[in-house]
1. Find the residue count for the stretch 41-65, including only residues that are surrounded by fewer than 16 Cβ atoms within 10 Å (Cβ to Cβ) and under 19 Å from Ser123 (Cβ atoms).
2. Give the residues of the stretch 72-92 that are under 30 Å from Asn183 (Cβ atoms), surrounded by 17 or more Cβ atoms within 10 Å (Cβ to Cβ) and of a type in the set (A, V, I, L, M), sorted by residue number.
3. Out of (1) of a type in the set (Lys, Arg); (2) under 27 Å from Val197 (Cα atoms); (3) modelled with pLDDT of 90 or more, the odd one out for Arg15 is which?
4. Six or more apart or on different chains, Cβ under 6 Å: which pairs go from a residue in the stretch 103-119 that's in contact (Cβ under 8 Å) with a residue 40 or more places away in the chain and assigned by TED's automatic domain parsing to the domain that holds Leu49 to one that's in a helix (DSSP H, G or I) and surrounded by 13 or more Cβ atoms within 10 Å (Cβ to Cβ)? Could you list them?
5. For Ser152, state whether it is over 23 Å from Pro72 (Cα atoms), modelled with pLDDT under 85, among the polar types (S, T, N, Q) and assigned to a helix (DSSP H, G or I).
6. Name the residues in the stretch 156-176 that are at pLDDT below 85, in a helix (DSSP H, G or I) and buried (at least 16 other Cβ atoms within 10 Å of the Cβ), would you?
7. For the stretch 181-215, give me the residue count where each residue is surrounded by 14 or more Cβ atoms within 10 Å (Cβ to Cβ) and not in a helix (DSSP H, G or I).
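The values are calculated or read from the model by the stated rules, or taken from the named source; none is laboratory data. Quick caveat, the model's predicted, so the values are computed rather than measured. Glycine also receives a Cβ, built like all others from the backbone with ideal geometry; neighbour counts cover every protein chain displayed.
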Amino acid sequence: MPFKILVVDDDLGTRLSISDYLELSGYSVIMADNGQDGLAMVKANYPDLIVTDIVMPRLNGYELVRQVRQQPHFRLLPVILLTARTKTQERILGYQSGCDLYLPKPFELEELAAAIRNLLERSRIIKSEYLLSYQDNLDALPSAKTLTESKSVAHQNNSSELFSSLTTREQEVLELLTYGLSNADIGNKLHLSPRTVEKYVSSLLKKTETSNRAELVRFAIKHGLVE
């Protein structure tokens, strides 16, 4: 599968020139003409890298990067900021927002492509090392089968209406949440997609009337929903 690049720029000519060049280079390209649509496309398409302008309607590039970085799944997503603004303070703002590279306009497409190759390779190495570092911890956790068995015993000993309302899968997700795992890690353990895990988490928040994961874990421990 080719790498997927999101290009966000309100200038049609810039979007098309970058898109055409990257597609000829073997990448899959998706585009947005403003920051708000760009943010929605990040959440919907999970791109491998973002190339974005700064001055755009609805949501500028700085805020786009900041909001992307607030999502746990996209903390390592490479981002290149493109802009005609070249003052030092503006470059500092770009890096403070969380971008990986600040490329001033005008730029050569070959230079952009080289930067993209470099960032994608670095991202691949970081992700590989990240997964390896967590593999031992994941292997040390109880298996999904063990979790199901332990929750079955707990179910027999706890007759509360709330606990009875939880499905087996919700019990498994809740147990793994107490280990501080992300949706991706829980999904790997239970063979689910991150989006499916998020649906279970949302259901748990609703059933326990809690507003975030920290409150959910505290509630679960306090009421004996987890061991």
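1. Filtering the stretch 41-65 for residues surrounded by fewer than 16 Cβ atoms within 10 Å (Cβ to Cβ) gives 43-46, 55, 57-58.
Next cut, under 19 Å from Ser123 (Cβ atoms) only: 43, 45-46.
Result for the stretch 41-65: 3.
2. Our first condition is that a residue be under 30 Å from Asn183 (Cβ atoms); within the stretch 72-92, this holds for 72-81.
In the following step, the residues that additionally are surrounded by 17 or more Cβ atoms within 10 Å (Cβ to Cβ) were identified as 74, 77-81.
Selection gives Leu77, Val79, Ile80, Leu81.
3. For Arg15, the failing item is (2).
4. Leu109/Tyr21
5. Details: over 23 Å from Pro72 (Cα atoms): yes; modelled with pLDDT under 85: yes; among the polar types (S, T, N, Q): yes; assigned to a helix (DSSP H, G or I): yes.
Yes; evaluated as a whole, the condition is true for this residue.
6. Listed by number, the list holds a single entry, Phe163.
7. 4
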